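The values are calculated or read from the model by the stated rules, or taken from the named source; none is laboratory data. Only a predicted model underlies this, so the values are computations on that prediction, with no experimental measurement involved. Quick reminder, even Gly has a Cβ in these numbers, built from the backbone with ideal geometry, and neighbours come from all protein chains shown. These area figures cover heavy atoms from the full protein model, side chains too; ligands, DNA and RNA do not enter into them. Shrake-Rupley method; radii C 1.70, N 1.55, O 1.52, S 1.80 Å.
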Amino acid sequence: IGRKFAETVADYGVTLILWARDPSPLLTFRKTISTTTEVLVSAVDVTDATAIAAEADQLIKGAFVPDIIINCAGVVTGNSYFCDQQADEIEQTLMVNTVGSMLVVNAFLNQMIRRGSGQIVNIASAAGYLGHPRMSVYAASKSAIISWSESLRLELAEQSPGMSVTCVIPGYVDTGMFEG
């Protein structure tokens, strides 16, 4: 989903800030898009608050406060019944799918509020509305994104009317995440 978004906006001469635990695919991707687009790639794990804060501070010091944040990191672990899930699988799913998005927004939000504009786009899932066997933790993580997005939207309406929050709730998307 993130790649498709980046491909779509690349022709508009924007600056893309792309983060991933393994930046190799992003570095390869950077070579395939428009030469009018500046692409800043960093190795950032969205579950690591310290790494996020450090990278965000560097960007902010370089006058790169995002106009739009697209939170689309996602993972499915432990494709099994909840009673068979291991604690580390539960934690990883919630950290990547929910907490990671919150940490990324939190790192930039005060700067965006000061500027008076910005768009937060959180990618959830229809699984956040509908339970699925063997996907209870994934569904819970996406349900949390839906609720957080709505709460954040209401907060920002009071704090900074120039900002907005959108929660995208797709059905199944063939990203390879559900293979196996």
Once amide hydrogens are built 1.01 Å from N within the peptide plane, the residues lying 5 or more places from Leu16 or on another chain with amide H under 5 Å from its amide H are Glu38, Val39, Leu40
Inter-label distance, nm, simple model (7 Å from Cα along the C-beta direction), His132/Val168: 1.7
Run the dipole for the chain about the Cα centre, Lys and Arg Cβ at +1, Asp and Glu Cβ at -1, nothing else charged, and hand back the magnitude in debye, nearest 20. 400
Counting only heavy atoms of the protein chains, get the accessible area per residue of segment 117-161 (1.4 Å probe) and round it to a whole Å² value. 47
Using a 1.4 Å probe on the protein chains only, how many percent of the accessible area of the chain belongs to carbon and sulfur? 54
Mind ranking Lys31, Lys4 by accessible surface for me, highest first, 1.4 Å probe? Lys31, Lys4
Please report the orientation-averaged projected area of segment 102-161, defined via the convex hull of its C-alpha atoms, in nm². 4.2
Neighbour cut-off at most 12 other Cβ (10 Å), DSSP loop, chymotrypsin sites (Phe, Trp or Tyr not before Pro), segment 85-175: Tyr129, Tyr172
Difference of contour (0.36 nm per residue) and Cα-Cα distance, Cys72 to Leu40: 9.8 nm
Counting only protein heavy atoms and rolling a 1.4 Å probe, one gets per residue an accessible area for segment 47-94 in Å² of 59
Added length on full extension, which subtracts the Cα-Cα distance from 0.36 nm per residue, Asp11 to Gln86: 22.6 nm
